[in-house]
Amino acid sequence: MELPPPVAVRVLVVDDNRDAADTLAMLLELRRYDVRVAYDGRAALRSARAWVPDCLISDIRMPGMDGYALAREARTDPALAGVKLVALSAFSDARHVQRAAEAGFDYRITKAADAQELLEVLKMIEQIKELATRTQELAGQNVELAGQTKELLKEVKQEVKEVKQEVQELKKEVKELKEDRGDPTAQ
């Protein structure tokens, strides 16, 4: 299996089952993701606000703040607006699928599913991050090129102005030469 390139995709894993959270974190670290772990919803929010991950993978059933409340809270925080939320839960019935969507999760994966599904979602997030980074680079280049174009246009306008002045001077000289020769078309 091919390892993803080092893009520094930041993943926050949230699960009250420490073994499950730590195991998933190790799997993702082996795939070169930058991973942090939180064991409850409140700790996850604190960590997400301080560290701002690209992806937050959360269990649903947790004591205190469950995954739904965590997602809703994350969606109200402007600093976390770009974070992709993944519900990783044993629940797969229609009611929980709907609740996950309403809470603001972008993706929902059943815990019993093969880890490949989660890795594919992370790969998409990685590609989105790469495209966003490249878009920012291109936008910066466009701003630089726009500035250079503006300067070139200014130079061209100045050169056109100078050429027009030279043409006026040449016309004046031609008129004077014609007058000196007595050319009737000089006027």
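The values are calculated or read from the model by the stated rules, or taken from the named source; none is laboratory data. This is a predicted model, so every value here is computed, not measured. Methodologically, a virtual Cβ is constructed for each residue, glycine included, from the backbone with ideal geometry; neighbour enumeration extends over all protein chains shown.
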Q: Among the strands (runs of 3 or more DSSP E) lying completely within the stretch 1-110, list those that include at least 2 residues that are over 22 Å from the mean Cα position of the chain (by Cα) and modelled with pLDDT of 95 or more.
A: 34-38
Q: From the list Ala112, Ala132, pick out the single residue that is in the same structural domain as Ser92 (by TED's automatic domain parsing) and surrounded by 10 or more Cβ atoms within 10 Å (Cβ to Cβ).
A: Ala132
Q | Inter-residue pairs, beta-carbon under 8 Å, first closer than 14 Å to Ala79 by Cβ and in the stretch 42-61, second aromatic (Phe, Trp, Tyr), 6+ apart | A | none
Q: Given the conditions (1) crowded, with 20+ Cβ neighbours inside 10 Å; (2) hydroxyl-bearing (Ser, Thr, Tyr); (3) more than 19 Å from Leu118 (Cα to Cα), report the number of the one that Ser47 does not fulfil.
A: (1)
**Q.** Residue that is surrounded by the most Cβ atoms within 10 Å (Cβ to Cβ), among those in the stretch 76-94 that are among the aliphatic types (A, V, I, L, M) and within 21 Å of Tyr39 (Cβ to Cβ)
**A.** Ala87
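Yes/no per residue for (1) out of contact with any helix residue (DSSP H, G or I) (no Cβ under 8 Å at 6 or more places or on another chain); (2) not charged (D, E, K, R):
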position: Phe105; (1), (2): no, yes
position: Ala132; (1), (2): yes, yes
position: Gln136; (1), (2): yes, yes
position: Gly147; (1), (2): yes, yes
position: Lys150; (1), (2): yes, no
position: Leu153; (1), (2): yes, yes
Q: Using the structure shown, decide if Val97 is surrounded by 13 or more Cβ atoms within 10 Å (Cβ to Cβ), in contact with a helix residue (DSSP H, G or I) (Cβ under 9 Å, 6 or more places away or on another chain) and among the β-branched types (Val, Ile, Thr).
A: no
